[in-house]
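Please treat every number below as a calculation from the coordinates, not as lab data. What you see is a predicted model, and the numbers here were worked out from it, not measured in a lab. Using ideal geometry, Cβ is built from the backbone for each residue, glycine included, and neighbour counts are taken over all protein chains shown.
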Amino acid sequence: MGDAPVRPTGGSVAVRKILLNVIIAAVAAAWTLASCQRPIDVDSKTIYSRQAIDLMAEGQRYEKAGNYRLALDRYNRALGLSPRPALYYHVGSCYYALGEYAKAHQFLTAAVRMAGDYPAAQYLLSKVRIQLALAARKAATPAPGVTPTPRPTEREVAMVPTPTPRPTPPPPKVVTTPTPRVKPTPTAKPTATPRRTAGQPTPTPRPTARPTPTLVNPIVAPPPPSVERIPTPRPTRRVAAATPPPTAPTALPQVRREEIFPPSKVDDLTQAPATTSATIGSSPLLGQWNFHWDRAQSFLERKLDEEAVADLLLVLGAQPRHLDARLQLADAYDRLGRGEKALEQYEKARVFFPTDPKPYFRTGNYYLRHAGEDPSHYDRARTYYFMALKVDPNYHFAYHNLGITYMKQGDHERARNNFENALKVKPDYANAHHNLGILFEQNLNNPKAALHHYREYLRLGGPDSDEVRQWVRALEESL
């Protein structure tokens, strides 16, 4: 009886089932908690990245509106959440727009280092480096008011031992004394002059005359060369300043002049020095063609064709199919008087881009510019303009310059037809209205039509609006 197994009662079985269910529920709860905790970490990262994206989009809106400080605030907050190359680039562009080039350089270099191949950041970084080099150049050049200071130091060094009584008023007398001393030195160089001066000014400046012989003896020798050198550059500067006014033609505004090419709206960079190639010679981006392209544009804006040619050749060495660089190089060669090289570059542009009207149009412009030397160049120019229109029948520049060639040779009806064709393609083409007005007024005897085209030119805001406004007044008074 004692060795028989004890069978569980009904109550113990129920307790075991309850414990088993509790264990299963606890395990299931732990599993669900573990599974729920994993995506929480992922969601936190995505939340940060989404916040950074939202802040970046908000910063871009501020940047487009010109609120660069607010844009910088959003970009910096986004950088704290998720640093990205695009954020560094936009921060650098904001600092560039604000003129803080050192900070722009710092963030743009960070963008280039993170992304590696980032053309927009590299291009803006090259512009920042140019500005930093120009600022360094400007800081190195002395101001115009500082230049005369080192010149009188030599005289002051000679005058230092003489004014021993500093509390007395000899220092202002020393400043005034060199002016009369310089005057007698060119008139009488021998030593007899100081003896006469020492005897004459006895009545009034006796205290000043006594220290003068001690000062004149060491100073008489050095001033003559300085006095002889000082007046010589002054007349040359005056002559240089007086020469440009007579060269400028004054009677030209009375004559109606046609506009041959689209006017260039590039302003001269007068603040930048002319020797930028020497200051930007040591740049880490010299091997990149976009840096040379940007520097060539800077040289062309300041009409430094020789320097621009060197950079454009480097651009074409890296990018032979760069059409604008090829055409700019040809135009620069033409301005430098190297016509054969210019025609060679125009031909290469036509070979590389046979379906683009630009190379044909620019070649025609070359012959039109030189038509005054050889009248047969008008026919050559028209040939290339027709080729440009064959490639693109809506190329209004070619119609316009065709009208110029006919107008130059006296074929006024064909000139009128081509100007009107240019306006059919582009009704707001100001140059065509300008030249049609001249044609109707001077050649076709139609002042009303000329007045209409002049008014259209003024409405479109042409570059010679002031001159054309005078023509309109003259026509209105005549009518």
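Between residue 113 and residue 136, what is the FRET efficiency for a Förster distance of 30 Å, r being their Cβ-Cβ separation, to the nearest 0.05? About 0.80, to the nearest 0.05. Fully extending the segment from residue 103 to residue 466, taken as 0.36 nm per residue of separation minus the present Cα-Cα distance, adds 126.4 nm.
To the nearest 20 debye, what is the magnitude of the charge dipole of segment 286-353 about its Cα centre, counting +1 on the Cβ of each Lys and Arg and -1 on the Cβ of each Asp and Glu?
140
With 5 Å bins beginning at zero, the pair-distance distribution over Cα atoms of segment 286-353 amounts to 4, 21, 30, 25, 16, 4, 0 %.
Treating segment 43-137 as a set of equal point scatterers at the Cα positions, no solvent, please give the Debye-formula log₁₀ I(q)/I(0) at q = 0.19, 0.20 Å⁻¹. Listed by q, the Debye log ratios stand at -0.84, -0.91. Translational diffusion coefficient of segment 384-452 at 20 °C, 1.002 mPa s, Stokes-Einstein with Kirkwood Rh over Cα pairs, in µm²/s as a whole number. Stokes-Einstein gives a translational diffusion coefficient of 181 µm²/s. With the simple spin-label model, which puts each label point 7 Å out from Cα in the Cβ direction, the residue 29 to residue 442 separation comes to 10.0 nm.
With +1 assigned to the C-beta of every Lys and Arg and -1 to the C-beta of every Asp and Glu, and no other charges, what is the dipole magnitude of segment 43-137 about the Cα centre in debye, to the nearest 20? Mind dumping the intermediate values first?
Values: 13 positive and 7 negative charges, 39 e Å.
Charge dipole, segment 43-137, about its Cα centre: 180 debye, nearest 20.
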